[in-house]
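First up is the structure itself, then whatever we jot down about it.
The values are calculated or read from the model by the stated rules, or taken from the named source; none is laboratory data. Worth saying up front: this structure is predicted, and the values here are computed from it rather than measured. Every residue, glycine among them, receives a Cβ derived from its backbone with ideal geometry; neighbour counts consider all protein chains shown. Side chains included, ligands, DNA and RNA excluded: accessible areas come from the protein's heavy atoms. Shrake-Rupley method; radii C 1.70, N 1.55, O 1.52, S 1.80 Å.
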Amino acid sequence: RMFDGKNVVWIDMPIFKGAESSYNHSYARDCEVDRIIELIKQFLSNNEGRKLDIGIISFYKGQVNLIDKRLKESFPTSVLENISCNTVDSYQGKEFDIVIISGVRSNSYSTAVKSLGFIHNSPSRINVALSRAKKLLVMVGDVDTYRKNEYFQKFIYYVKKEGFYE
């Protein structure tokens, strides 16, 4: 059983694992992509024969492009039929059994506005990202960067209390 059977998970990716970087006029973060590929491999091996509906969400198109590229390199087309990766804006109204959110932002700015950019002022986007999962929600991101935002701060508190924090 992954994550002790909990249905909300935060996998902390501190800045020392690799900071955000500019990518095609957007942002991306390689270490999160690596972790997401690992997670999907775990999901597949733990659920052999079961069809898992997985949605991967990022706030940044650069990260979506990087994840898509790595998914195609890592898995056969038959596996990718049930895995969708896109920006939070394109997932309004859609749901998945498993949702993985790639936070991307990881920096040492002191204010939430500088640390998170447009995400900080987008409670509706945060809500969409956090409410697409039917069975399991996994956030892969830098806790120190995201805790500067009040909504993520509450979510982090909830995950540490009721979910699985790694």
Sole miss for residue 91 among (1) open to solvent by less than 70 Å² (accessible area, probe 1.4 Å); (2) closer than 19 Å to residue 146 by Cβ; (3) modelled with pLDDT of 95 or more; (4) not charged (D, E, K, R) is condition (3)
Residue pairs meeting the criteria (Cβ under 6 Å; at least 6 apart or on separate chains; first over 14 Å from residue 3 (Cβ atoms), in region 32-48; second in a helix (DSSP H, G or I) and of a type in the set (S, T, N, Q)):
37/74
Go through (1) free of Cβ contacts under 8 Å to residues at least 12 places away in the same chain; (2) not in a helix (DSSP H, G or I) and name the single condition residue 98 misses.
(1)
Of the numbered conditions (1) open to solvent by less than 20 Å² (accessible area, probe 1.4 Å); (2) hydroxyl-bearing (Ser, Thr, Tyr); (3) within 22 Å of residue 68 (Cα to Cα), residue 84 fails exactly one; give the number of that condition.
(1)
Can you tell me which residue is farthest from residue 20 (Cα to Cα) among those in region 36-51 that are in contact with a Phe, Trp or Tyr (Cβ under 9 Å, 6 or more places away or on another chain) and open to solvent by 20 Å² or more (accessible area, probe 1.4 Å)?
44
So for region 64-86 (the condition being of a type in the set (Asp, Glu), in a helix (DSSP H, G or I) and modelled with pLDDT of 95 or more), does at least one residue qualify?
yes
All but one of (1) buried (at least 16 other Cβ atoms within 10 Å of the Cβ); (2) more than 13 Å from the chain's Cα centre (by Cα) hold for residue 111; state the number of the condition that does not hold.
(1)
Please go through region 1-35 and give me each residue that is open to solvent by less than 20 Å² (accessible area, probe 1.4 Å), assigned to a loop (DSSP other than H, G, I, E, B) and among the charged types (D, E, K, R), ordered by number.
29
